[in-house]
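**Student:** So that we are looking at the same thing, I have put the structure below in structure tokens.
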Amino acid sequence: MKSLLFLLPLLLLLAACEEVIQLDLDSAGPHLVAEANLDATHGTCTLKLTRSGDFYQNNTFETIEGAQAVLRLAGAEYALSEEGNGLYGLSGLTPQPGDTAALR
């Protein structure tokens, strides 16, 4: 009997109704999104360029092709190569502790 009393609230929680709530969000224009990673262990830099979308848009975002991406590392500049589908990369880097890096 005690186990039945324990299971009854659990069953009620699992059987609760769910309603999808659609929020009326303002639409914003697309913005450039840059996702970058500098891997000091492997000496690589990767960059993915996309445009943002609306909140309710599926997770397929427009990629940016033909950009000129430059990594500035410890005062030197390196051009990233376009690899397609909004991806850019560079290898053969030797960053040292304390080096500063920036993309432009």
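**Student:** On the basis of being under 19 Å from Arg104 (Cα atoms), of a type in the set (A, V, I, L, M) and in contact with a Leu (Cβ under 6 Å, 6 or more places away or on another chain), does Leu80 make the cut?
**Tutor:** Here the answer is yes, as Leu80 does meet what is asked.
**Student:** Next up: Of all residues in the stretch 59-104, which are among the hydrophobic types (A, V, I, L, M, F, W, C) and exposed (fewer than 12 other Cβ atoms within 10 Å of the Cβ)? Walk me through it before giving the result.
**Tutor:** Here is the first cut: in the stretch 59-104, the residues among the hydrophobic types (A, V, I, L, M, F, W, C) are 61, 64, 67, 69-71, 73-74, 76, 79-80, 87, 90, 93, 101-103.
Ala76, Ala79, Ala102, listed by residue number.
**Student:** Related question: Which residue, of Ala16, Ala69, is small (Gly, Ala, Ser) and at pLDDT below 95?
**Tutor:** Going through Ala16, Ala69 in turn, the sole match is Ala16.
**Student:** Between a residue in the stretch 63-76 that is in a strand (DSSP E or B) and any residue that is basic (Lys, Arg), which pairs come within a Cβ distance under 7 Å, given they are 6 or more apart or on different chains?
**Tutor:** Correct list of pairs: Val70/Arg104; Arg72/Arg104.
**Student:** Let me ask you something else. Under the condition of being part of a loop (DSSP other than H, G, I, E, B) and touching a residue at least 24 places away in the same chain (Cβ under 8 Å), which residue from the stretch 31-58 is most open to solvent (accessible area, probe 1.4 Å)?
**Tutor:** Here the answer is Phe55.
**Student:** When residues of the stretch 82-102 are filtered for being touching a strand residue (DSSP E or B) at 6+ places or on another chain (Cβ under 6 Å) and in a strand (DSSP E or B), how many remain?
**Tutor:** So the answer is 8.
The values are calculated or read from the model by the stated rules, or taken from the named source; none is laboratory data. Computed from a predicted model, the values in this text were never measured in an experiment. Positions of Cβ are backbone-derived with ideal geometry, glycine not excepted, and every protein chain shown enters the neighbour counts. Remember, those area values only see protein heavy atoms, side chains included, never the ligands or the DNA or RNA. Shrake-Rupley method; radii C 1.70, N 1.55, O 1.52, S 1.80 Å.
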